[in-house]
């Protein structure tokens, strides 16, 4: 019985630590890149007069690109993000075609 519980707990931990999962309350923001600061891990995107600066970290997933350094000003992207305190934390960045 104890081995079964330990096995279940271990499997749960592996699931939590494994591949990143997008947060349930994540929001999509499609727009045009204004600025990329790879060193600071920040990305500024604008859409219809609204501008957000997103925090990009090691948990950020990418689609259509491999890393933040592959994004340039003027690129059309969609940022999936969550709000933590006063920061917009990037969950995923997808480059539009």
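Where a number appears in this text, it was derived from the coordinates with a stated rule and is not lab data. These numbers come from a predicted model, not from an experiment. Cβ: placed from backbone, ideal geometry, glycine included. Neighbour counts: every protein chain shown.
To keep it simple, each residue is scored yes or no on (1) in a strand (DSSP E or B); (2) within 13 Å of the chain's Cα centre (by Cα).
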site: 35; (1), (2): yes, no
site: 39; (1), (2): no, no
site: 57; (1), (2): no, yes
site: 62; (1), (2): yes, yes
site: 78; (1), (2): yes, yes
Need pairs with beta-carbon distance below 7 Å; first residue on the phi > 0 side of the Ramachandran plot and within the range 72-95, second crowded, with 19+ Cβ neighbours inside 10 Å and in a strand (DSSP E or B); sequence gap 6+ or separate chains.
74/33
